[in-house]
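Asks: Have a look at this one before I ask anything.
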């Protein structure tokens, strides 16, 4: 029957069929994973650490404080000058108040972004821990067969069921 299938489907004879070899063995795969982990650790060590996050908070607080002081000084000056000059002083004072608000908003946005990144990292770590296998466990065994061996096994199992 195998010869009939070969002629029917124009398959090459069984002796000429190529054998498929697995790409990597389990040990080679594990060695490759260990090498990749070591490379990732080297890259992490080479990247500079983020520093002075608190310094930027202090700078933004200082800018906001200076802008509020400038607003207060310009407002006081606006009340003490002639009315035709006061409008320009009050416009500049409101600009200073806007700068103070912008500095505080920037600081708050930075903190929210850092919090968001920390939550995303925590979620990724939890997903990785949940999906990571406890230990490497083989779940199935496979064999490389050519089509003739497969047909013989199928025919043999069908013959056993009919008996």
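Asks: Residues that are modelled with pLDDT of 75 or more and under 35 Å from the mean Cα position of the chain (by Cα): does segment 47-54 have at least one?
Replies: In the first step, residues of segment 47-54 are kept if they are modelled with pLDDT of 75 or more; the result is none.
No, segment 47-54 contains no residue that is modelled with pLDDT of 75 or more and under 35 Å from the mean Cα position of the chain (by Cα).
Asks: Where the second residue is loosely packed, with under 12 Cβ neighbours inside 10 Å and part of a helix (DSSP H, G or I) and the first is without any contact (Cβ under 8 Å) to a residue 40 or more places away in the chain and lies in segment 88-114, which pairs have Cβ atoms under 8 Å and are six or more apart or on separate chains?
Replies: none
Asks: Please list, ordered by first then second residue, the pairs with beta carbon atoms under 8 Å, 6 or more apart or interchain, first in segment 1-12 and free of Cβ contacts under 8 Å to residues at least 24 places away in the same chain, second in a loop (DSSP other than H, G, I, E, B).
Replies: 6/12; 6/13
The values are calculated or read from the model by the stated rules, or taken from the named source; none is laboratory data. Please read all numbers here as calculations on a predicted model, not as lab measurements. Heads up, the Cβs are rebuilt from the backbone with ideal geometry, glycines too, and the neighbour counts pull from every protein chain shown.
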